[in-house]
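Just below is one structure, and these are the notes that go with it.
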Amino acid sequence: MSHAKDIDLGMTAYDELFMTDAERAENRLPKIYEIPLSEIDDFPDHPYRVVDDEDMEDLMESIKDRGIITPALVRRKDNGRYEIISGHRRKRACERLGIPALRCEVKDVNRDEAIILMVDSNSQRSEIAPTDKGKAYKMKMEALSRQGKRTDLTSNPVGRKLIGEETAAIIGEPNGDSQTQVRRYIRLTNLVPELQQFVDEGKIKMRPAVELSYLDEETQRDVVDRIDETEAFPSHDQAIRIRKAYESGAIDYEKVVDIMAEEKPNQKPKFKFSFERISPLIPQGYADKQAEDYIVKALEYYRRYLQKQREQAR
């Protein structure tokens, strides 16, 4: 008989929650502390936004019913305060509920190790905005790159040497993102806030957003202004053309307007006619091309007729 494979979600086992400190030490489990919220600082430049939405309400209800099941992860700073690595949403829920302390595991890690832990521990969130993921990937890439240049770090968060390997590929492995996709996410960090918001709302797709990320701030804001005026968003092809015009030095607001005004292939209307409805109006024996020409000429005559009617009515 086959057995189900155990899956480690990184969560505290139920029986571990109620162990004494002596039992935890005997089992070599991390010690859990009740740390006042007033002593815990948010992670600097934390890339994942914490929103008071429906999920937050659900988390608050869970905490009211069962408390903090999975302890937050923090590190002790040089000034004696704590910096939260994982658990910003739990901390926010406790603040809103008026709970004065947060159950935490304290990790002895440096800044770069903390960044890697922060990104990895948040990667399993059910929903991550594209630009949040881009900011997180960028922070982790910079931290891994710094580790690759040092020999005094004992932490190896990916379990292998970084030398000679593509950092972007390593970063994307936990989430199934290729190195190309990781680079695309990181490019989103070069967009102005308005374009980032459009990406997160799904109004601009990833690939056109990446092309726009190579523009300077002034040109990006020209694109934003045109979007505000027309409520139309650039396609991938239009974004490529805007980027090429920018890189050739032939870009200004009017050029942006011209490119974005062009009809997109997927916006071209496709007319369908019922054969039963129009066949009695076309001479018998006409081939498809002849029938098409006949319909076009009929429409031209009808347009001229309507134009004469309007002129006579003036």
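Miscellaneous remarks
- Reach of Lys308 by Cα under 16 Å, taken over aspartates and glutamates that are not fewer than 8 positions away in the same chain: Glu300
- Residues with amide H under 5 Å from that of Lys107, placed H, sequence gap 5 or more: Val74, Arg75, Arg76
- Given Lys138/Lys255; Lys31/Lys77; Lys31/Lys133; Lys77/Lys133; Lys31/Lys140, the pairs whose alpha carbons are separated by over 24 Å: Lys138/Lys255; Lys31/Lys133; Lys77/Lys133; Lys31/Lys140
- Put simply, when 45-53, 84-92, 206-214 are sorted by average Cβ atoms within 10 angstrom per residue, most first, you get 84-92, 206-214, 45-53.
- All distinct Cα pairs of the range 191-267 go into the 1/r average, and the inverse of that average, the Kirkwood radius, is 12.1 Å.
All of the numbers you see were taken from the coordinates with simple rules; none came from a lab. Since this is a predicted model, take the numbers as computed values, not measurements. Cβ: placed from backbone, ideal geometry, glycine included. Neighbour counts: every protein chain shown.
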